[in-house]
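Each remark here refers to the structure printed beneath this line.
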Amino acid sequence: MAKARSQFICQQCGASFSKWAGRCENCGEWNSLVEQVVSSGGSSVVDKSAGRGKALKTSSIRETASESGLERLSTGIDDLDTVLGGGFLVGGVVLVAGQPGIGKSTLLAQVAAHIAKTKSVLYVSGEESVSQVKLRAERLGAADSEKMQLASSNSAEDIAASIQQGGYDLAIVDSVQTISLSEISSAPGSVSQITNSSNVIIRAAKASGTAVILVGHV
């Protein structure tokens, strides 16, 4: 039976250590090491994974659909559409990152209000209540929109299930630093939580064909 062991992950750079220290030896950040329990079965991840994969299904260039022919959701902001190549790609995932307070949530609420005029939108906030998100959306023209659904959650599993089962055209998750997976013991915002929670959301986007925007703080 595999034994549990602890390792300490730096929340700043992601480096791992076998013992706790007050300062990360890799990046020099103080008080950034967080304990994480992992399973140790005596074999490396590479050894365990060898031979388990399946050959990829391939297609020729001629057979592969071009992204130019796929549907895109216009943001209603010309410059933003230009940056995105015409809008949000159906089934695609975009990370909108910036410093706290720079206006990411306000910008995306405006985008959501525009898209919700004709498409179904899910806006999930892990930082604010549904009432707070509603007030911002109303200021930006989404007061009477029935196509824009609001939710407040910190569960990556619940958010992924909502995306995959809800039939939304666009889903906004604000922010990735506030959501977490229950199977991971580290706190929301840690390197492992951000990485794994994002992967769960991305898989849901691909499976459902929903365009997803992940908000991140830097």
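Annotations
- Of the residues making up segment 116-125, those that are of a type outside the set (A, V, I, L, M, F, W, C) and either over 14 Å from residue 146 (Cβ atoms) or not in a strand (DSSP E or B) (or both) are 117, 118, 119, 120, 125.
- Among residues of segment 156-171, those that are modelled with pLDDT of 95 or more and either out of contact with any Leu (no Cβ under 8 Å at 6 or more places or on another chain) or β-branched (Val, Ile, Thr) (or both), counted: 5
- Some residue of segment 122-138 being more than 25 Å from residue 195 (Cβ to Cβ), at pLDDT 90 or above and crowded, with 18+ Cβ neighbours inside 10 Å: no
- Verdict on residue 153 being touching a strand residue (DSSP E or B) at 6+ places or on another chain (Cβ under 7 Å), polar (S, T, N, Q) and farther than 20 Å from residue 129 by Cα: no
- Scanning segment 50-82 for residues that are surrounded by 10 or more Cβ atoms within 10 Å (Cβ to Cβ) and modelled with pLDDT of 70 or more yields a count of 11.
- Among the candidates 104, 117, 134, residue that is among the basic types (Lys, Arg) and in contact (Cβ under 8 Å) with a residue 60 or more places away in the chain: 104
- Taken over segment 156-199, the criterion of being surrounded by 18 or more Cβ atoms within 10 Å (Cβ to Cβ), in a helix (DSSP H, G or I) and not polar (S, T, N, Q) is satisfied by 156, 159, 160, 163, 176, 191, 194.
- Answer residue from segment 21-49, given it is among the hydrophobic types (A, V, I, L, M, F, W, C) and modelled with pLDDT of 55 or more and is surrounded by the most Cβ atoms within 10 Å (Cβ to Cβ) among those: 33
- Among the residues here, residue 108 qualifies as within 17 Å of residue 210 (Cα to Cα), modelled with pLDDT under 95, among the hydrophobic types (A, V, I, L, M, F, W, C) and buried (at least 17 other Cβ atoms within 10 Å of the Cβ).
- When segment 86-115 is filtered for residues that are part of a loop (DSSP other than H, G, I, E, B) and either more than 22 Å from residue 201 (Cα to Cα) or out of contact with any helix residue (DSSP H, G or I) (no Cβ under 8 Å at 6 or more places or on another chain) (or both), the ones remaining, listed by number, are 86, 90, 99, 100, 101, 102, 103.
- Residue match in segment 201-217 (condition: of a type in the set (Val, Ile, Thr), touching a helix residue (DSSP H, G or I) at 6+ places or on another chain (Cβ under 8 Å), assigned to a loop (DSSP other than H, G, I, E, B) and in the same structural domain as residue 89 (by TED's automatic domain parsing)): yes
- Meets criteria (assigned by TED's automatic domain parsing to the domain that holds residue 171 and out of contact with any Asp or Glu (no Cβ under 7 Å at 6 or more places or on another chain)) for residue 55: no
- Near pairs, Cβ below 6 angstrom, 6+ apart or cross-chain, from segment 74-98 (over 19 Å from residue 174 (Cβ atoms)) to any residue that is assigned to a strand (DSSP E or B) and among the small types (Gly, Ala, Ser): 90/211
The values are calculated or read from the model by the stated rules, or taken from the named source; none is laboratory data. Keep in mind the model is a prediction, meaning the values are calculated, not measured. Note that each Cβ is placed from the backbone with ideal geometry, even for glycine, and that neighbours are counted across all protein chains shown.
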